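Working notes for the structure below.
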Amino acid sequence: MSSKRARFKCDGKMIDVLEGAYLSRGKPTPEAREFAASILAMVDKIRKFASRKLRSRHNDAWRDDDAPIINESQFCELLGQPKIVLYDEEGSASIYFSPKSLFDGHGVEVALADGKPYHATVIG
């Protein structure tokens with residue numbers, strides 16, 4: 001992975017772009033802006049994907065014994081605002097969430113390939 005990167009705002013959110021398909025001469029391409037907008041348009045779908053993949057892990061292993069089991073909508077709400085990084089291949093990105101109350105301060109990463117979520121994990 002290269003250390004070259006750029007940043008831009010899309011719908012008020014900062015987007016990081018790593019060197020590759022979405023950078024040209026150190027600047028984000030129109031395709032980068034279009035891809036970022038499409039990710040932001042499906043952020044609720046991405047949250048639901050993370051919930052389907054990680055909610056049972058939270059409820060089974062991270063939840064305090066006296067805390068209630070959380071449902072999908074509660075999990076999605078607790079994820080908070082996304083941080084988006086576009087990677088060097090078209091359709092490849094990661095969306096990072098910082099849910100302080102779900103995984104004891106650890107983050108959640110949802111990876112996209114071909115513009116679709118395919119993996120969610122607890123990080124940090």
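Every number here is computed from the coordinates shown, using simple stated rules; none is lab data. Note that this is a predicted model, so its numbers are computed, not measured. In this analysis, Cβ positions are derived from the backbone assuming ideal geometry, glycine residues included, and neighbour counts consider all displayed protein chains.
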Folded to 0 to 90 degrees: helix 30-41 orientation relative to the chain principal axis, Cα: 20
Antiparallel DSSP beta bridges within the chain, percent to nearest 5: 90
Selection from 62, 98, 41 lying farthest towards where the dipole of region 5-123 points positive, charges on Cβ: 41
Region 91-106 - phi-based ³J(HN,Hα) in whole Hz, Karplus 6.51/-1.76/1.60, Gly and Pro as x: x, 9, 7, 10, 10, 10, 10, 10, x, 4, 9, 8, 10, 6, x, 6
Restraint check, 27/48; 48/100; 9/83; 53/116, Cα-Cα greater than 20 Å: 27/48
The chain - charge dipole about Cα centre, Lys and Arg +1 at Cβ, Asp and Glu -1, debye rounded to 20: 380
Per-pair calculated FRET efficiency, R0 = 22 Å: residue 45 and residue 19 via Cβ, rounded to 0.05: 0.20
Region 5-123 - Debye-derived log10 I(q)/I(0), Cα point model, q = 0.16, 0.22 Å⁻¹: -0.72, -1.15
Value of [θ]222 nm, deg cm²/dmol, for the chain, DSSP H segments ≥ 4, -39500 (n - 2.57) each, nearest 500: -8500 deg cm²/dmol
Most fluctuating residue given options 33, 47, 25, as computed from a GNM of the chain linking Cα atoms under 10 Å: 25
Top of 113, 93, 61 by mean-square fluctuation, Gaussian network on the chain, Cα under 10 Å: 61
